[in-house]
Amino acid sequence: MQLDEVPFPTEFTLASRSGAVVVCTTEQGLPLGVSVERDQLRGDPSALAAEVLRLCKQSAARAGLQRREQLRAAGLAPELLALTGLPTAAEVTRQEIVEEQDFDTEPESWLRPI
C-alpha cells in the first residue's frame, strides 16, 4: 500500500466525556475550533482552559497514533517507526488514563491492542 492511497485526515475532533467541550485540532493538536456549552462558561475559567488544553493534547496523541498506524500499514520498518517519535498505542493509553485520573473522570478510551 502506498501512503497516498488512503487520505489522512487534516482535522481531528475530540469531546470531553460529558460532551460539553469539543475541540477540533490539527494533527499536532493546534486548535482549529472549540465548542463549549453555555453552562461550562459559568465555571472556573482555568478549569475550562485546562480541559481544552487536555483535549488538544489528547487529540494530538490520537492523531500521532493514527499516523503511526498509517506508516506501519504502508510497510515502514518497525525500527524506522520507532525513530519517528510517534506514540504507540500503549503510550497513548497510559497518557489518557493518567490525565483522566488527574481530572477525576472516568476514562473516555481504553485504547489497547486487540
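A few remarks follow.
- Computed E for residue 24/residue 82 - FRET, C-beta separation, R0 41 angstrom, nearest 0.05: 0.85
- Tensor-based shape of the stretch 1-91 (alpha-carbon gyration tensor, a/c under 1.5 rounded, otherwise prolate or oblate): prolate
- For peptides 14-26, 75-87, sequence by mean Cβ density within 10 Å, most packed first: 14-26, 75-87
We did not get these values from a lab; they are worked out from the coordinates using the rules stated. Since this is a predicted model, take the numbers as computed values, not measurements. For neighbour counting, all protein chains shown are included, and Cβ atoms are generated from backbone atoms with ideal geometry for every residue, glycine included.
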